[in-house]
Amino acid sequence: MNTSDSQTTISELDLSGLKVVVVDDSKTILRTAEVLLGEQGCWVVTASDGFESLAKIASFKPDVIFVDIMMPRLDGYQTCALIKANRQYRDIPVIMLSSKDSIFDMARGRLAGSDKYLTKPFTKQDLLSAIQTHVKLNTAAPAALPEG
């Protein structure tokens, strides 16, 4: 067990069973996110573009979605807007992933409905902090209950 004081909050965060969808056209990014989140006990489903992700979101019903901005066919802004326009999925946090870091890109992500914007390359700490911030209400209550 990691008992480091500086990492206590993130490293002790129980993400077991948290359902995550990662959408990116880069196999490297997909694999990296899948490994980092899988190590924390997350169930991870990946998609290589926005169209593919919509079907996976509908069947998997994730707790959080990470979406790359620059993808073929349906970009991240369009994907996020479609997710947020759907009554069933609008409350799922959508975190944009991009190598673009201008204020224009971040604002455009917000306009599409994203909950957070992470710049690539991201770290394990970045992913876990984003999840902790945006999925806190869903995971805090069960984790806080004593076993008996």
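I'm trying to understand the selection: among the residues of segment 49-77, which are within 15 Å of residue 97 (Cβ to Cβ) and of a type in the set (Gly, Ala, Ser)?
Result: 50, 53, 76.
Table: residues versus (1) touching a Leu at 6+ places or on another chain (Cβ under 6 Å); (2) free of Cβ contacts under 8 Å to residues at least 60 places away in the same chain.
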| position | (1), (2) |
| --- | --- |
| 33 | no, no |
| 57 | no, yes |
| 63 | yes, no |
| 69 | no, yes |
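Answer yes or no: is there a residue in segment 64-80 that is at positive phi and touching a strand residue (DSSP E or B) at 6+ places or on another chain (Cβ under 9 Å).
No.
Could you tell me which numbered condition residue 99 fails, if it satisfies all but one of (1) more than 20 Å from residue 15 (Cα to Cα); (2) open to solvent by less than 20 Å² (accessible area, probe 1.4 Å); (3) small (Gly, Ala, Ser)?
The one condition residue 99 does not meet is (2).
Could you please give the count of residues in segment 20-37 that are open to solvent by less than 20 Å² (accessible area, probe 1.4 Å), more than 20 Å from residue 58 (Cβ to Cβ) and part of a loop (DSSP other than H, G, I, E, B)?
0
Quickly run through segment 38-56 and pick out the residues that are assigned to a loop (DSSP other than H, G, I, E, B) and surrounded by fewer than 20 Cβ atoms within 10 Å (Cβ to Cβ).
The answer is 39, 40, 41, 48, 49.
So is residue 88 more than 12 Å from the chain's Cα centre (by Cα) and polar (S, T, N, Q) or not?
For residue 88, the condition - more than 12 Å from the chain's Cα centre (by Cα) and polar (S, T, N, Q) - is met.
Can you give me the number of residues within segment 57-73 that are assigned to a loop (DSSP other than H, G, I, E, B) and either exposed (fewer than 12 other Cβ atoms within 10 Å of the Cβ) or among the hydroxyl-bearing types (Ser, Thr, Tyr) (or both)?
1
Residue 91 fails exactly one of the following numbered conditions: (1) open to solvent by 60 Å² or more (accessible area, probe 1.4 Å); (2) not in a loop (DSSP other than H, G, I, E, B). What is the number of that condition?
Every listed condition holds for residue 91 apart from (2).
Just the residues that are at pLDDT below 85 and open to solvent by 40 Å² or more (accessible area, probe 1.4 Å), please, taken from segment 102-148.
Passing the criteria: 136, 137, 138, 140, 141, 142, 143, 144, 145, 146, 147, 148.
The values are calculated or read from the model by the stated rules, or taken from the named source; none is laboratory data. Quick caveat: nothing in here was measured; it's all calculated off a predicted structure. A quick note on method: Cβ atoms are made from the backbone with ideal geometry, for glycine too, and the neighbour counts reach across all protein chains shown. Note: accessible area is taken over every heavy atom of the protein model, side chains too, but ligands, DNA and RNA are not part of it. Shrake-Rupley method; radii C 1.70, N 1.55, O 1.52, S 1.80 Å.
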